[in-house]
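Q: Here it is: the structure, laid out below.
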């Protein structure tokens, strides 16, 4: 079943066509990697799925209805740069989305309810390998640990879709490989839908069950936007071979 449907989508900025007539259906529980050269509109498309940018023409449907115009907790996001709160501890960074999910008015939650929330946050930290760092602050974490925290913060809200905007590009190769393993494990455990933007073709094949390639036919022609040039299903054997690149 398609969770996200993109129909005849165009995005135009100041008479420059960024995205041209995109049509894409994303099946629930799939992991879709979107690749392409810098400036081809990959992040613009992801920002549309976040409801940060709206299409000039066309439509995006989420579960059969128009995509909400405001971000919702059904869509979790992890950015290239770590989007955590520097003034909160690791535990409180993960606890905050649970509190927002549970309370219309943000306030202090007391008693057994808060205890249960903390236990939920600790369980998530354990899943991403950060339980021992629960009392630390983001500035005390390595880049890989900060990205683990960003993943935990996004997943604790139990989104139906996880949107990843070049989330691993700032990491060194060894750390990136570890985070790849973690991301794949979390996706297999949660079976949520994942849409990841990356410029790294090997990363796209290593993690995705499907790879979408965006390219502009003429980079210097403002009247021609990026189009989907390839739509490649990824077989498990292909992922194994590509992972060695």
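Computed from the coordinates by the stated procedures, all read-outs in this text should not be read as laboratory data. These numbers come from a predicted model, not from an experiment. Here the Cβ positions follow ideal geometry from the backbone for every residue, glycine too, while neighbour counts run over all protein chains shown.
Q: Where the convex hull is taken over the Cα atoms of segment 162-212, what is its projected area averaged over directions, in nm²?
A: Computing the convex hull of the Cα atoms and averaging its projections yields 3.3 nm².
Q: On to the next question. What's the exposure ranking of 31, 79, 54, going from fewest to most Cβ atoms within 10 Å?
A: 54, 79, 31
Q: Which FRET efficiency, nearest 0.05, do residue 184 and residue 87 yield, Cβ-Cβ r, R0 45 Å?
A: So, using R0 = 45 Å, E works out to roughly 0.90.
Q: Within 10 Å of each residue's Cβ, count the other Cβ atoms and sort 62, 85 from fewest upward.
A: Taking fewest neighbouring Cβ atoms as first place, the list is 85, 62.
Q: Under the definition of Cα pairs under 8 Å and six or more residues apart, what whole-number percent is the relative contact order of the chain?
A: 29 percent
Q: Along the three principal axes, how long is the chain when you take its alpha carbons, biggest first, rounded to the nearest angstrom?
A: 58, 43, 34
Q: If you fit an axis through the alpha-carbon atoms of helix 90-102 and take the longest principal axis of the Cα set of the chain, what angle between them do you get, 0 to 90°, nearest 10?
A: 80 degrees
Q: Something else about it: Running a GNM on the chain with Cα contacts under 10 Å, which residue among 100, 149, 91 ends up with the highest mean-square fluctuation?
A: Highest fluctuation among the options: 100.
Q: Next question. Which of 155, 96, 163 moves the most in a Gaussian network model of the chain with Cα springs under 10 Å?
A: 96
Q: Rounded to the nearest 500, what is the chain's calculated 222 nm mean residue ellipticity when only DSSP H runs of at least 4 contribute -39500 (n - 2.57) each, over all residues?
A: Value at 222 nm, helices only: -10500 deg cm²/dmol.
Q: Using the Kirkwood radius built from alpha carbon pairs, what does the Stokes-Einstein equation give as D for segment 135-239 at 4 °C and 1.567 mPa s, in µm² per second?
A: The diffusion coefficient I find is 83 µm²/s.
Q: Could you work out how far helix 173-190 tilts from the main Cα principal axis of the chain, as a 0 to 90 degree angle to the nearest 10?
A: 80 degrees
Q: Which residue, 66, 21, 93, has the most motion in a Gaussian network model of the chain that connects Cα atoms within less than 10 Å?
A: Evaluated over the chain, the most mobile residue of the options is 66.
Q: Then there is this: Out of all DSSP beta bridges in the chain, what portion is antiparallel? Express it as a percent rounded to 5.
A: About 50 percent, rounded to the nearest 5.
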